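Just so it is clear, none of the values below were taken in a lab; they were calculated from the coordinates. Keep in mind the model is a prediction, meaning the values are calculated, not measured. Cβ coordinates were reconstructed from backbone atoms using ideal geometry, including for glycine residues, and neighbour counts include every protein chain displayed.
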Amino acid sequence: MSSDLSPPTAPHGKPTPDMCCLCSYEDITTEDGNYCEYLTVPSNTWSPCLFETSMVTHLLSTQFQTYMDRVKKTDCQAELRRLLAAGPPVYISDKTALPVPEGDTHVERLWFASDDKERSARLAGSVVGKDREEVIEELRRFVVVEGKEEGDDEEGKGGEEKGEEEKGEGKE
């Protein structure tokens, strides 16, 4: 997404003297060039990110695919319903390191002190519009309706009947 780089549209700040990354615990300093800020919309407010730049770039490149993998691999229907209710992510998010203020909807832009450039906060691989709706429909097929799995309604397979058959066989 390097084609989305642009010069700063607003003055940006500097890290506080005791600032450290909430993930790596590395110091965030001007000298290390690992300070970044994020813009939330619709307020268009810039805030300091509590992750260092390398963690932010990692999230940008992996957060969408991580979501997709979790939906496809979870064996917990409650987790699956929560993931599908939120829908596939479009923009970077982290409730702790990139909190979105009340009234705002998401992180729209990022600014890295290391190159003094602003860039999109859109996740690699993410989709919007009709494409996003198609992905959501595709992912919904992983939901098991009312706790039943494929084959549960077939006679003699699953449920109490199978359990009682097995118990009966063990007693003889």
Residue order, fewest to most beta carbons within 10 Å, for VAL144, VAL71, VAL127, VAL107: VAL144, VAL127, VAL71, VAL107
Selection of GluC sites (Glu not before Pro), the stretch 20-88, meeting DSSP coil and at most 12 other Cβ within 10 Å: GLU31
Label point distance in nm, ASP32-THR45, each placed 7 Å from Cα along Cα→Cβ: 2.7
The stretch 1-34-the stretch 35-89 distance, computed between alpha-carbon centres (Å): 19
